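FYI, it's all coordinate maths here, none of it is from the lab. Note that this is a predicted model, so its numbers are computed, not measured. Glycine also receives a Cβ, built like all others from the backbone with ideal geometry; neighbour counts cover every protein chain displayed.
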Amino acid sequence: MKKKLIITETQLKNLKKLITETAHSRMVKKISEELNQIYKVVNNVVREGGDYHSTIMFENQIDGESISAKDLFEYLKHKHVVGEEFIKQVIKDWVDGRITDDYRLSKNTPLM
């Protein structure tokens, strides 16, 4: 005997979202939300070899300390068990504002 299930459009939308969400997009969401909550992008001027260069840094909004992209990468690499290229792409897309609403990256990068 076949039975039909009747759901609302909102329920259908939520089911589609749940089904299409992958481990990849969940990890992008987790890292990008962490970045949004804790860090903001700042442009600092640093002195290297007698010349001044503009460089992107990340300010911790909790304590006001600035860290380099390399330090942020190292921190995220040790905190999350994913591949290095994946973390680099998440940081790059986050800085550029290119992470989509469904948490996809601009470049297809494997999780591991």
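Structure notes:
- Label-point gap, in nm, between Ala69 and Lys17 - each point 7 angstrom along Cα→Cβ: 3.2 nm
- Full-extension gain in nm, His78 to Glu33, via 0.36 nm per residue minus C-alpha separation: 14.5 nm
- Residues of type aspartates and glutamates that Lys13 reaches as a straight line, Cα spacing below 20 Å, ignoring anything fewer than 8 places off in the same chain: Glu21, Asp101, Asp102
- Put a plus charge on the Cβ of each Lys and Arg, a minus charge on the Cβ of each Asp and Glu, and nothing anywhere else: the dipole of segment 1-110 about its Cα centre is then about 1060 debye.
- Put in line by how crowded their Cβ is, counting other Cβ atoms within 10 Å and starting with the fewest, Lys92, Lys2 read Lys2, Lys92.
- Computing Rg and the Kirkwood Rh from the Cα coordinates of the chain gives a ratio, Rg/Rh, of 1.16.
- Cα-based Lys proximity count in segment 21-96, under 17 Å, for pairs eight or more positions apart or on separate chains: 19
- Karplus 3J(HN,Hα) series, Hz, for segment 29-34 with 6.51 cos²θ - 1.76 cosθ + 1.60 (x for Gly, Pro): 4, 4, 5, 5, 5, 4
- Efficiency of FRET between Glu9 and Asn108 - r from beta-carbon atoms, R0 22 angstrom, step 0.05: 0.10
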